Amino acid sequence: MEQEIGTWDSVLLENLSEDSFINNIHQRYKRDHIYTYIGTSVVALNPYHHISEHSLDNVRNYGDKGIFQLPPHIYGLTNLAYQSLKDQSEDQCILLTGESGAGKTETFKMIVNFLTHIQDRSHCPPATPNVLRKQSSTSSASGLVTHAHRRASSSCSGTANFIICKNRAENPPATLSRRQSPSPGPSQRSRTRAESIERQSRRHMREKIVDFDFSHHKSSENITSQLLESQATHHLHPTKSCFKHQQTQVGAKGSPKYAVPSVYSGCRQCGHSKCVRAQSLEKEERDELRGSTCRLATVQPAQHPHRGSCSNLMRQHSTESQPERERDRSSLMGSTQRISLYDAHKLSKAILGDLPPPPPSSVSPTPSASSSLHRRHKSPTQRMRECVTCADVFLEAMGNACTLKNNNSSRYGKLFDIEIDFKGDPMGTRITDTIIGERNFHIFYQLLLGADLQLLKSLKLYRNVEKYELLRNTTAMEEDRMNFHYTKRSLDVLGLSCEESNSIFRVIAVVLKLGNFIFVPITNIDGTEGCQVSNVYEVQETAQLLNIEAQILINCLTRANSSNSAQEDVGCEMDARQAAINRNTLCRTLYSRLFTWLVNKINESLKSTQREKNLALLDFYGFEVLEHNSFEQFAINYSAEKIHQNFVFHVLRSEQELYIREGLEWSRIDYFDNESICELIDKPSYGILSLINESHLNSNEALLSRVQQCCAGHPNFMTTGSNSMSFQIRHFASVVNYSIHRFLEKNSDMLPKFISAAFYQSKLSLVQSLFPEGNPRRQATKKPSTLSSNIRTQLQTLLAIVKHRRSHYVFCIKPNEGKQPHQFDMALVQHQVRYMSLMPLVHLCRTGHCYHLLHVKFFHRYKLLNSLTWPHFHGGSQVEGIALIIRNLPLPSAEFTIGTKNVFVRSPRTVYELEQFRRLRISELAVLIQKMFRMYHARKRFQRMRHSQMIISSAWRTWRAREEYRSLKYKRQVKWAIDVIGRYYRQWKIRQFLLTIPLRLPPNTLSPLSTEWPAAPVFLADASRQLRSIYHRWKCYIYRNSFDQTARNRMREKVTASIIFKDRKASYARSVGHPFVGDYVRLRHNQQWKKICAETNDQYVVFADIINKIARSSGKFVPILLVLSTSSLLLLDQRTLQIKYRVPASEIYRMSLSPYLDDIAVFHVKASEFGRKKGDFVFQTGHVIEIVTKMFLVIQNATGKPPEIHISTEFEANFGQQTVIFSFKYGGMSDLAQGPPKVTRKANRMEIIV
């Protein structure tokens, strides 16, 4: 959140004055804090650059807080109005005021963005809906410029209720330019149960229709002057580099609104050359085409649901019957086509949950069918958003243009009546001539640049803009090519058929080509003046587009009162000037009625019939002063006067009068009341609007004379001289000089009946529907009402809607004329502050009360806050009850004042806290009601269920007992039979098993190693195991009895080897299958040995074999004869049998080996004299297991205890006076085939690689 800069609420300024007020907003403006409160009103300064404070997080933050709990923001005011509508069930209205360029458009769009997303938070599931484009504003002289009908569609969400009240064209096709951008919607997020409950209680959007018509006379000149005075003056047009955000170049003319001067080519907001929003649309289209075939196979065509209303109240230019006009006027008071978010939610459930499965289809979809299926496949909420966005896109192309002061001028004044979706009320399109340097409507440039060659060829058009008089001296932009893609696609999303879309483009092409008609004056034989069309080829192509004969088109444009036949000499000839006037009127009327028809088509797809409380958003024309002010500026400034007079009357005057009537102490606050200015313009019979409609006035000079005659002496009316064709009016903002030129023509511009009749002959159904008065069967009607009458009627209707609502005001201020950021023109701002009467408003909010309510309403609304007044108060009058409520509130009593009929609350913060107390109390009461109802409902249900259960359980227990008795009886019988059969069967199986065991034993099974045994029944498994064990022990006994003493000794040796080496020595497994021979060299039979052993007393040889003794110094192998007797270990020379070493068995205390496959063993000798001298012995032999085993037994017999057998990869050995560490390393299996292990002596380590 923003840092505290200045004072948030101007009411709280210490030294309140005009200077301190302006200095406060100036101080905040320098730090980009553009919003400041005046009580519950907002003052918004146009920053002329993008401020990144409009995120969804801000929407959530301001949606959860009170207006003064967060820094000033337009979201705070919007949330206040939204919560007031929801909590108090009272219609609300937000009015935006300010002059052109003050930022009303962007502010309006932010309000709708907030209302859209605040409903997303509670209404919509997290789906990210597909949307076409998001509008991002571009700067213009009129402030934060966005499209008038687009303000609501900045972030379309929920079921958008989009209504358009459009009027006649304000300017011809040759007057405007455009700036068009996409507009997407949001996303959706998770909802809690509380939000779901709140969703059901939310108010839904609906619209009221206000036919506010400035007609099609919005420019200062008509097409005639443009065609006759085609000048080459060329003005630079601002450019746009991002389809998402309209980036413009800052120059002397057309500085971008909310844009910063930039040198990069990307978007000023997102920095990308192609906007993410446009990319999302392209992705959506790819997905749509990719899934179209699948959807055709899975989606059954269903009736397309109604989505909302888009009401077109543009007055027809043609002559209409008075009853029809009266019906149109009566329709101004309300709409009959509406839809709400709640309706769409229910419709979504019905569509998504109740549709029958469609039959399969293999038809490949066409683009229109794919789009239709795509819409039908989505939820009503998503379809509504897309329809609103696409309606906005196409209507922007049709109704917006680029002017000298506005890059995307919609020239709309609108009232969005939200419920809580939104709608737009376009106040008119303008189709008159083009002001030099300005472009025409966007759709013309988009069609010429963006359409493919086939479409252009079918429309008889060229890409060159200069070929069309209506677009002469204007420049097309590259963005037009891209924008046409979205404009054309929006027609499909809106549900228009291909034929209807093609007809629309054909009518647009006809408007362009009609502007190229050149009328050449001729002199007839009888001396009368006539004319003819010089470029007949244009007439023929236009006739082909309209599907009528070319001669009929020529006749209706060159001959008055033609009978609409194909003959040449029919009707009275017109001169070239009158023909050009009729052509211009036809262009305006044709384009205007096309716009009307489009809005009506949108109405058909966005209609609903619900009526709920409304939140209206009123964004009207700002006060406008140009160098040349004509009827259009007069109408705009009159509208601004009425809006300002509404503010003065309902805020500054009515509030003070109410304080006086209620008996409050009050010091009057002076203010400027512009009621006299409004009377000057719209006073019956003598007002300027009434004077314009006087039938006897046939010239502008007569009108000026009549106005000067009736208005002379009025303090706000001034004349400019006897020869000047103008007059001046002192408006509430400034003095404006109006030129009387063409006032009467613009006030009553209508299409001749014979032209309508000619166009009704077109075989194009759309053209016929645009000219219903051309039907010869239709009766003649009275003269239609004039533009000035429509203006007054529409304003009265609009103000009647706003009158009975609680109004919230947004005052938009333009900080400088140059549209530069961070520039604050003190004089300009002071002028706006004064004429908008902001200082009287500040004083009123400072000394007055922000909220008042009748005694009855206050008591009934807040009586639940006190236990003595809730639910019924019997203690006295309502005033006493109100006093009791106020006294028991934890709020200062000074904040409340009880008048004669009303209760006044001074501070908005107090109102917020009061509503918070009420909301909390309502929650508590709701919980109490729910608890009591649930208890009652649960108890009733429990009693019914208990009674039913008792009946059911009684019958069930009786039946179950009877069935259990039958079952038990049967089971007892079955059990007895099973026991008898089982007993006899077991006895038979036991007898059979015991008798057949000898027969089933395999032959030669006396070996103890044999594990074969006949299978036994399961119930004899234990007996079989015991018999098998007994049999095995018997076999072992027989086997042992067959051994002699020698075999017994060998078995003893094998068992000992198993105990010593099993699972410890890797080479043990190889020795198991080889018997221990002992005397491998037959030493016992050697005579020489017999002599030697007699001397050493080693007669009995336990083991004798030639082995390798490992040299202690080098590790080399030395062959030697090893003899193991019952008492000692002898090492002899293998040839001479000379004894080299004789070690008594008692001297060897340990034998060490490695766990590997090697054959090396170390015999450790005790540290005796012999041991200290010789040390331990290291042998290598293939009978290492046998040697160690026999040595183990010899030592055990000699000493009475077994020696230690150490098996490890490392151990120590004593080599005389030196201790050597033996280290065994495993070298891999490949080393085994290479011979004995490799022994290496390194210092005191001997490494043996196995």
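Counting only protein heavy atoms, what percent of the accessible surface of the stretch 898-1001 is carbon or sulfur at a 1.4 Å probe?
In the stretch 898-1001, the share of accessible area belonging to carbon and sulfur is 63 percent.
Kindly sort I1038, I951, I111 by accessible area of their heavy atoms, largest first, with the probe set to 1.4 Å.
I951, I1038, I111
Could you tell me which trypsin sites (Lys or Arg not before Pro) in the stretch 1-87 are loop residues by DSSP with no more than 14 other beta carbons within 10 angstrom of their beta carbon?
Of the trypsin sites (Lys or Arg not before Pro), the ones in loops of the stretch 1-87 whose Cβ has at most 14 other Cβ atoms within 10 Å are R31, K65.
Expressed in nm to one decimal, what extension gain is obtained for the pair A1069 and R1028 from 0.36 nm per residue of sequence separation less their Cα-Cα distance?
Taking 0.36 nm per residue and subtracting the Cα distance, the gain is 11.9 nm.
Using alpha carbon centroids, what distance separates the stretch 610-676 and the stretch 844-886, in Å?
First find each Cα centre; the distance between them is then 31 Å.
State log₁₀ I(q)/I(0) for the stretch 995-1050 at q = 0.12, 0.15, 0.22 Å⁻¹ as given by the Debye formula over alpha-carbon point scatterers of equal weight, solvent excluded.
-0.36, -0.51, -0.89
On a 19 Å Cα-Cα criterion, which of the cross-link pairs K1091/K1140; K65/K86; K65/K613; K513/K783; K1116/K1225 come out too long?
K65/K613; K513/K783
Roughly how compact is the stretch 656-706, stated as its Cα Rg over 2.2 N^0.38 Å to two decimals?
Relative to the 2.2 N^0.38 Å estimate, the stretch 656-706 comes out at 1.94.
What is the extension gain from S954 to E1169, computed as 0.36 nm multiplied by their sequence separation minus the C-alpha to C-alpha distance, in nm to one decimal?
Extra length available between S954 and E1169 comes to 66.9 nm.
What pairs in K104/K819; K1173/K1242; K1090/K1166; K1054/K1173 have C-alpha atoms more than 25 Å from each other?
K1090/K1166; K1054/K1173
State the percentage of accessible surface on the stretch 700-779 attributable to carbon and sulfur atoms; use a 1.4 Å probe and exclude ligands, DNA and RNA.
47
Work out the FRET efficiency for Q830 and E679 from their Cβ-Cβ distance, taking R0 = 25 Å, and round it to the nearest 0.05.
Efficiency computed from Cβ-Cβ geometry: 0.35.
On average, how much accessible surface per residue is there in the stretch 651-762, in Å², for a 1.4 Å probe, leaving out ligands, DNA and RNA?
For the stretch 651-762, the solvent-accessible area averages 46 Å² per residue.
At 7 Å along the Cα-to-beta-carbon direction for both Q544 and R481, put a label point, then send me their distance in nm to one decimal.
Reported label-point gap for Q544 and R481 is 2.6 nm.
Under a point spin-label approximation (7 Å from Cα along Cα-to-Cβ), what is the T1046-R463 distance to one decimal in nm?
Distance between the two pseudo-spin positions: 11.7 nm.
At 1.4 Å probe size, with every protein chain present, just tell me what the per residue accessible area of the stretch 889-984 comes to in Å².
81
At 1.4 Å probe size, what's the solvent-accessible area of R489? Round to the nearest 10 Å².
Per-residue accessible area (R489): approximately 30 Å².
Out of the total accessible area of the stretch 1080-1136 (probe 1.4 Å, heavy atoms of protein only), what percent is carbon and sulfur?
Ligands and nucleic acids excluded, carbon and sulfur reach 49 percent.
Can you tell me what percent of all Cα-Cα pairs in the stretch 1014-1076 are more than 14 Å apart?
In whole percent, the long-distance tail amounts to 70.
Between R846 and K763, what length comes free when the chain is fully extended (0.36 nm per residue of separation minus the Cα-Cα distance, one decimal in nm)?
23.2 nm
Return the FRET efficiency for the residue pair T528, A702: r is the Cβ-Cβ distance, R0 is 35 Å, and the value is rounded to the nearest 0.05.
0.80
Kirkwood Rh, Cα Rg: Rg to Rh for the stretch 741-891?
1.26
Residues of the stretch 1097-1205: accessible area per residue at 1.4 Å, in Å²?
Per residue, the stretch 1097-1205 has 39 Å² of solvent-accessible surface.
Select from the stretch 978-1066 those chymotrypsin sites (Phe, Trp or Tyr not before Pro) which occupy a DSSP coil region and have at most 15 other Cβ atoms within 10 Å, ordered by residue number.
For chymotrypsin sites (Phe, Trp or Tyr not before Pro) across the stretch 978-1066 that sit outside H, G, I, E and B with at most 15 neighbouring Cβ atoms in 10 Å, the list reads F1043.
Go through E573, E1210, E694 and list them by solvent-accessible area, largest first, probe radius 1.4 Å.
E1210, E573, E694
For the pair S877/M945, report the inter-label distance in nm, with labels modelled 7 Å from Cα in the Cβ direction.
A separation of 5.5 nm, rounded to one decimal place.
Just to verify a number: FRET efficiency for S497 and K753, C-beta to C-beta distance, R0 = 35 Å, to 0.05?
Efficiency, rounded to the nearest 0.05: 0.65.
Not counting ligands, DNA or RNA, and with a 1.4 Å probe, what is T996's accessible surface area in Å² rounded to the nearest 10?
Rounded to the nearest 10, that gives 40 Å².
Once the Cα gyration tensor of the stretch 661-782 is diagonalised, what are the square roots of 5 times its eigenvalues, in whole Å and ordered largest first, as equivalent ellipsoid semi-axes?
Working through the eigenvalues yields semi-axes of 42, 23, 13 Å.
Protein chains only, probe 1.4 Å: how do C93, C845 rank by accessible area, largest first?
Largest to smallest exposure gives the sequence C845, C93.
The values are calculated or read from the model by the stated rules, or taken from the named source; none is laboratory data. Values in this document were obtained by computation on a predicted structure and should not be read as measured data. Counting neighbours? That spans all protein chains shown, and the Cβs are built from the backbone with ideal geometry, glycine included. Protein only, heavy atoms only, side chains kept; ligands, DNA and RNA dropped before computing areas. Shrake-Rupley method; radii C 1.70, N 1.55, O 1.52, S 1.80 Å.
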